C-alpha cells in the first residue's frame, strides 16, 4: 500500500489565529483612515494578503499599496503572535497522523514570515518540518500549486495526500490538486460553504474523519492522550 500524507492548512486549522488576523487587519486599515466593510472578516478567510488588498480596493476604495498594507499589518501581527495557541483538536489529529506512519506537512496561504511566527508560537517549528507558504509558489490557494509542491517535497503522489482545511479557497486548492479534502470548519464558522467533493468533519471529530482515510493499520492505532 502506498504511503500517505496529511497536508494541514495552518491559520484556523492548526493555529487559532483567524481572530488575530482580523484584528490586526482592522487596526491596520483604520490606521490609514478607512474602516473594514461589514462581513469582511468572513470574506477573507483563507485568502492571501494580495487578494485581501484587492478586495479592500474594490469594496472601500483603499488607496495605499499592498506593500504599505503588508508592512503595517505584519508588524502588528508578529508583535502579538506569541500569544497564539493551537486549535482544539489539532494536537490529537497530528498525533494520530504520526502514529499512522503517514507523512505530514503544513501548507499555508500566509507569507513565510507569518508562518514561521505562528509555528514557533505553538511549538511546531522544528528541523525536518515540511512547510509551504505563499512565498514558495507562484500562485496561492485556491490554485493547486501549494498542495502540489508539498506533495513533491514529501515524495508522495497527490492521490495519496489528504488535505485538512478550514476554508473554501483551501478546499478548492486541494481538490484541484487531485487530493482527498477534509473540510474542518472552526466551531464558530458553520457558514463555510465547502466545494462539492469535500468531506466535512465536525469540529470535534477530525480524528474520526481521518481514521478511515489512512492506511488500514490506522484502524487499530491507539492515539496518544493529549492533555
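The values are calculated or read from the model by the stated rules, or taken from the named source; none is laboratory data. Quantities reported herein were computed from a predicted structural model and do not represent experimental measurements. Quick reminder, even Gly has a Cβ in these numbers, built from the backbone with ideal geometry, and neighbours come from all protein chains shown.
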Check: Can you name the number of the only condition in (1) crowded, with 17+ Cβ neighbours inside 10 Å; (2) more than 28 Å from residue 209 (Cα to Cα); (3) at pLDDT 95 or above; (4) in contact with a helix residue (DSSP H, G or I) (Cβ under 8 Å, 6 or more places away or on another chain) that residue 31 fails?
Finding: (1)
Notebook entry, point to check: What is the residue count in segment 7-38 for residues that are on the phi < 0 side of the Ramachandran plot and assigned to a loop (DSSP other than H, G, I, E, B)?
Noted result: 12
Check: Can you tell me which residue in segment 169-186 is farthest from the chain's Cα centre (by Cα), limited to those that are surrounded by fewer than 20 Cβ atoms within 10 Å (Cβ to Cβ) and either assigned to a helix (DSSP H, G or I) or in contact (Cβ under 8 Å) with a residue 40 or more places away in the chain (or both)?
Finding: 176
Item checked: Residue identified as assigned by TED's automatic domain parsing to the domain that holds residue 148 and surrounded by fewer than 21 Cβ atoms within 10 Å (Cβ to Cβ) among 61, 50, 89, 67 -> 89
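So that you can scan it fast, the table gives a plain yes or no per residue for (1) free of Cβ contacts under 8 Å to residues at least 60 places away in the same chain; (2) assigned to a helix (DSSP H, G or I); (3) surrounded by 19 or more Cβ atoms within 10 Å (Cβ to Cβ):
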position	(1), (2), (3)
77	yes, yes, yes
97	no, yes, yes
106	no, no, yes
120	yes, yes, no
Margin query: Looking at the structure I just gave you, is residue 191 more than 18 Å from residue 14 (Cβ to Cβ), modelled with pLDDT of 95 or more and either buried (at least 18 other Cβ atoms within 10 Å of the Cβ) or assigned by TED's automatic domain parsing to the domain that holds residue 9 (or both)?
Written below: no
Next item on the list: Go through (1) touching a helix residue (DSSP H, G or I) at 6+ places or on another chain (Cβ under 6 Å); (2) farther than 22 Å from residue 186 by Cβ; (3) at pLDDT below 95 and name the single condition residue 36 misses.
Entry: (2)
Checklist line | Only listed residue being assigned to a helix (DSSP H, G or I) and within 30 Å of residue 157 (Cα to Cα), chosen from 50, 41 | finding: 50
